[in-house]
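A.B. asks: The structure follows.
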Amino acid sequence: MRDHPRSHRAAATTAVHAGGQPDPVTGSLAPPLVATSTYRQGNPAGFEYGREGNPVWERLEVLLTELEEGSGAAVMASGMATIAAVADLVPEGGRVVAPANGYTGTRVLFRRLQQAGRMHVDLVYIEDTEAVRTAVQGAALLCLETVTNPMLSVPDLPAVIEAAHAAGALVMVDNTVATPLTVRPLTLGADLVVHSVSKYVGGHSDLVAGAVIARDIALLDRIRATRHASGGILGQLETWLALRGARTLAVRFGRQQANAAELAQRLEGHPEVISVSYPGLASHPHHQRAASQMSGGFGALIAVEVRGGAERAEAFAAATQLWQPATSLGGVESTLERRARYPVDAEVCPPGMLRLSCGIEDVDDLWDDLATALAETRPAE
Ligand SMILES: *Cc1c(COP(=O)(O)O)cnc(C)c1O
């Protein structure tokens, strides 16, 4: 029993209601799709042109701002568009520290910026706190991931954020994999959070979108100015779909996390499996760290190394019936992928490692499918 209402609503409630005010004119509960490029001048909301703003963007931005406990958000055309916009904050010739074992696209982007002479980039293993402390001296920006994709390492967020701020660097945290349901990096001191909305927030593998959420509005205004000037904006339909998907984030992600926790445990005991990386397992090298900075779960990705190397891993992925061999993650359907098929990921992943993105299906059906495919593809002794 509670005498007073809490100051904060739970994320499950926020996900359903934030930015969800009924349309003032028609009373429509579902948000109207505002498919316009321009607005009649003098309108009370102050909208002018579609590259600058749209009421549906604003609803999704309010929702993500509240979920991440930030001050404001900017939705953009993709997760990578948001990271590129954050990279654009770095002064000419400045230094950036980014994850050596993080998301492929991020590593590719920073490598290109370095090769073009735009900035100096140090790629470090971000779970190595001492390495980050050293690298961040003199840096303008530290890029982190709450849980790295695909290896699922966990940085000590409070420690590395503090080190970056002491060195005068901004901190961006990619929270795509952990979602604001388990970690809110802005409350741990991060300056900016980015999301690939294409993943858990959208949740249905039917759109590509991104968002930046900031603690400081002045910083967000610089990102919005980049969005306006460079023009990589999110389309109305994608925004609307992302908003609809986000309404069920808490129930989807709750189920996905429960499935992942159960499957990680079962896989760990399987004779055809060499190793399982899942932050919720006691065997994970950063399990204690993850437990202290995540709440409500450990995410819904599992990295599994199967016996038999690359060939077996590919055969296993192809032999599953429910699990679709596909890139990306975070959809309601379970997918899996051998990550070392990408040269950039082959630098950090063993050849026989698959990333499993757990969906919302029945956990025993998912397990039966994995176990059958493992049995069918067992290498000859
Ligand atoms: C997919 C992904 C991105 C890139 O997002 P897009 O929407 O595909 O541009 C960035 N970070 C992480 C962790 C991702 O998984």
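The values are calculated or read from the model by the stated rules, or taken from the named source; none is laboratory data. Keep in mind that this is a model prediction, so the values were computed, not measured. Ideal geometry is used to build each Cβ from the backbone, glycine not excepted, and the neighbour counts take in all protein chains shown. With ligands, DNA and RNA removed, areas are computed over all heavy atoms of the protein, side chains included. Shrake-Rupley method; radii C 1.70, N 1.55, O 1.52, S 1.80 Å.
A.B. asks: Looking at G210, G245, G232, can you tell me which residue is at pLDDT below 95 and on the phi < 0 side of the Ramachandran plot? Quick ask: steps written out before the conclusion?
C.D. replies: Working: G210 fails: at pLDDT below 95; G245 fails: at pLDDT below 95.
Checking each option against the conditions leaves just G232.
A.B. asks: Which residues, counting only those in the range 11-25, are modelled with pLDDT of 95 or more and either in a loop (DSSP other than H, G, I, E, B) or loosely packed, with under 10 Cβ neighbours inside 10 Å (or both)?
C.D. replies: Within the range 11-25, A18, G19, G20, Q21, P22 meet the criteria.
A.B. asks: Given G245, G235, G168, which one is open to solvent by less than 10 Å² (accessible area, probe 1.4 Å), over 12 Å from the mean Cα position of the chain (by Cα) and of a type in the set (G, A, S)?
C.D. replies: Going through G245, G235, G168 in turn, just one is open to solvent by less than 10 Å² (accessible area, probe 1.4 Å), over 12 Å from the mean Cα position of the chain (by Cα) and of a type in the set (G, A, S): G245.
A.B. asks: Hey, V97 hits all of (1) buried (at least 21 other Cβ atoms within 10 Å of the Cβ); (2) assigned to a helix (DSSP H, G or I) but one; which does it fall short on?
C.D. replies: Tallying (1) buried (at least 21 other Cβ atoms within 10 Å of the Cβ); (2) assigned to a helix (DSSP H, G or I), V97 fails exactly one: (2).
A.B. asks: Still on this structure, I have one more. Say we look at the range 209-225 and pick out the residues that are within 16 Å of the ligand (Cβ to nearest atom) and outside any loop (DSSP other than H, G, I, E, B); which of these is surrounded by the fewest Cβ atoms within 10 Å (Cβ to Cβ)?
C.D. replies: The qualifying residue surrounded by the fewest Cβ atoms within 10 Å (Cβ to Cβ) is I223.
A.B. asks: Can you tell me which residue within the range 175-193, out of those that are under 17 Å from E66 (Cα atoms) and under 9 Å from the mean Cα position of the chain (by Cα), is surrounded by the most Cβ atoms within 10 Å (Cβ to Cβ)?
C.D. replies: Looking at residues that are under 17 Å from E66 (Cα atoms) and under 9 Å from the mean Cα position of the chain (by Cα), I get T179.
A.B. asks: So in the range 142-164, with the set limited to residues that are more than 18 Å from R184 (Cβ to Cβ) and touching a helix residue (DSSP H, G or I) at 6+ places or on another chain (Cβ under 7 Å), which one is farthest from the ligand (Cβ to nearest atom)?
C.D. replies: In this case the residue turns out to be A163.
A.B. asks: Let me ask something else about it. So D88 fits all but one of (1) away from the ligand (no atom under 14 Å from the Cβ); (2) more than 22 Å from A169 (Cβ to Cβ); (3) of a type outside the set (A, V, I, L, M, F, W, C); (4) open to solvent by 10 Å² or more (accessible area, probe 1.4 Å); what number is the exception?
C.D. replies: (2)
A quick yes/no check of all residues on (1) at pLDDT below 95; (2) in contact with a Leu (Cβ under 6 Å, 6 or more places away or on another chain); (3) within 27 Å of A282 (Cα to Cα):
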site: P91; (1), (2), (3): no, no, no
site: G102; (1), (2), (3): yes, no, yes
site: T106; (1), (2), (3): no, no, no
site: Q115; (1), (2), (3): no, no, no
site: E127; (1), (2), (3): no, no, yes
site: S153; (1), (2), (3): no, no, yes
site: P158; (1), (2), (3): no, yes, yes
site: P185; (1), (2), (3): no, no, yes
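A.B. asks: Tell me which residues, restricted to the range 109-160, are polar (S, T, N, Q), in a helix (DSSP H, G or I) and either open to solvent by 30 Å² or more (accessible area, probe 1.4 Å) or in contact with a His (Cβ under 8 Å, 6 or more places away or on another chain) (or both).
C.D. replies: Step one: filter the range 109-160 for residues polar (S, T, N, Q), giving 114-115, 129, 134, 137, 146, 148-149, 153.
The next check asks that each one be in a helix (DSSP H, G or I); those that pass are 114-115, 129, 134.
Selection gives Q114, Q115, T134.
A.B. asks: Now a separate question. Within the range 295-332, how many residues are buried (at least 22 other Cβ atoms within 10 Å of the Cβ) and within 15 Å of the ligand (Cβ to nearest atom)?
C.D. replies: 8
A.B. asks: Does any residue of the range 77-85 turn out to be away from the ligand (no atom under 16 Å from the Cβ) and at pLDDT 95 or above?
C.D. replies: no
A.B. asks: Restricting to the range 333-381, name every residue that is among the aliphatic types (A, V, I, L, M) and open to solvent by 40 Å² or more (accessible area, probe 1.4 Å).
C.D. replies: So in the range 333-381, the residues among the aliphatic types (A, V, I, L, M) come out as 336, 340, 344, 346, 348, 353-354, 356, 360, 363, 366, 370-371, 373-375, 380.
Selection gives A346, I360, A375, A380.
A.B. asks: Taking only pairs six or more apart or across chains, which ones have beta-carbon atoms under 6 Å, a first residue in the range 254-280 that is over 30 Å from T13 (Cα atoms), and a second residue that is in a helix (DSSP H, G or I)?
C.D. replies: These pairs meet every condition: R266/W367; E272/L374; V273/L267; V276/A264; V276/L267; V276/E268.
A.B. asks: Another question, then. Tell me which residues, restricted to the range 186-208, are within 10 Å of the ligand (Cβ to nearest atom), closer than 19 Å to T14 by Cβ and not β-branched (V, I, T).
C.D. replies: H195, K199, Y200, G202
A.B. asks: Right, next: Are any of the residues in the range 60-70 touching a helix residue (DSSP H, G or I) at 6+ places or on another chain (Cβ under 6 Å) and within 16 Å of the ligand (Cβ to nearest atom)?
C.D. replies: Taking every residue of the range 60-70 in turn, at least one turns out to be touching a helix residue (DSSP H, G or I) at 6+ places or on another chain (Cβ under 6 Å) and within 16 Å of the ligand (Cβ to nearest atom).
A.B. asks: Among (1) over 30 Å from P285 (Cα atoms); (2) outside any helix (DSSP H, G or I); (3) modelled with pLDDT of 95 or more, which single condition is G53 missing?
C.D. replies: Answer for G53: the failing condition is (3).
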